[in-house]
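Only the coordinates and a few stated rules stand behind these numbers; no lab work does. Since this is a predicted model, take the numbers as computed values, not measurements. Reconstructed Cβ throughout: ideal geometry from the backbone, glycine too, with neighbour counts over all protein chains shown.
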Amino acid sequence: MGFNAFIRAVKRGETPVYRLLRSLAKLVTSPHIPRVPRFLKPPLRVLYEAHYGFITLGRLFITVFYRHPLFQARCASVGKGLSIDGLPYVSGHTEIHIGDNVWLGGRIGIFSGRMIEHPRLIIKDYAELGWNVQITVSKEVIIEEHARVSFDCRISDSDGHPREADLRAQNCPPKLEDIRPVRICRDAWIGNGTHIMKGVTIGEGAVIGANSVVISDIPAFSLAMGNPAEVFFHNFGRPSKKAPAGAAGNGEIAQEQKA
């Protein structure tokens, strides 16, 4: 009997021996842990808090003395008050400019196209990027002040390949006219899982619903969602009064993700 046949027989449990082996496998893979005695809960709770306390301190040390210096060395310019939850992965020759009090979540990826000499990613003051955001910069991507991009979003100023099937098969780069900058204007909110495609401008204060695919410009102070994204409400979320600069604290996206 081959190994695959043995695994199949254990899963089926057709004989008492195979049923016993299946039960033992379930015990190993999904153990049932007995309840902890009440008198052990206080010391174990202290141990629990200490466990994550040491992890937090370790991450703080790594971030301050390792991630921050490395990422700042990769950027063309960095303002004050930058906060990062992880070391962004940067591939290629994109020039990165970071404003003041920017927050970047973990597992952020920044990728460069190959056609433009100096592609630029500009993230302005108080902007926030959530976890697992992927940005492809072939020419220019600008994220303005107080704009917030939630987790799992994708932003790209090109398709990364030509339209023609034969050129794609030859791994040709996209045509220059098919590379168009992306701009996310100030105070815009990009819902999680959204894809923003080439040439798109998200207007000031606009809100994009989760898991949308944005292929055309979105007006200021409007609510858009869907695939492709459509505007459902205009004059949406206009401020009642001007908030002071920096009123919104960095990392609000992270708090929502952890909630």
Taking Cα atoms, the helix 41-62 axis meets the longest principal axis of the chain at an angle in degrees (rounded to 10) of 40
Compute the long axis of helix 16-29 from its Cα atoms, compare it with the longest principal axis of the Cα atoms of the chain, and write down the angle in degrees, 0 to 90, nearest 10.
50
For an R0 of 41 angstrom, estimate the FRET efficiency from the Cβ-Cβ distance between Y66 and H32 and round to the nearest 0.05.
0.50
Which one of I55, I108, I98 has the biggest mean-square fluctuation once the chain is modelled by GNM with Cα springs under 10 Å?
I55
Looking only at V90, V182, V64, which one moves most when the chain is put into a Gaussian network model with springs between Cα atoms under 10 Å?
V64
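Please work out the FRET efficiency for the pair S240 and D159, using the Cβ-Cβ distance as r and a Förster radius of 41 Å; give the result to the nearest 0.05. Please report the intermediate quantities before stating the final value.
Working: r = 40 Å, r/R0 = 0.98.
For R0 = 41 Å, the calculated efficiency reads 0.55.
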Relative contact order computed over the stretch 77-236 (Cα-Cα under 8 Å; 6+ residues apart), in percent:
14
Determine by what factor the alpha-carbon radius of gyration of the chain differs from 2.2 N^0.38 Å, reporting the quotient.
1.35
At q = 0.20, 0.22, 0.27 Å⁻¹, what log₁₀ I(q)/I(0) does the stretch 1-66 have when each alpha carbon counts as one equal point scatterer in the Debye sum?
-0.82, -0.92, -1.09
With a ≥ b ≥ c the root eigenvalues of the C-alpha gyration tensor of the stretch 186-226, is it rounded (a/c under 1.5), prolate (a/b larger than b/c) or oblate?
oblate
Principal-axis tilt of helix 3-12 within the chain, Cα atoms, nearest 10 degrees:
80
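Summing +1 for each Lys or Arg and -1 for each Asp or Glu, what net charge is found among the other residues whose Cβ lies under 11 Å from the Cβ of R12?
Working: positive: R8, K11, R19, R22; negative: E14.
So the environment of R12 carries a net charge of +3.
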What per residue convex hull volume, in Å³, do the alpha-carbon atoms of the stretch 109-203 yield?
87
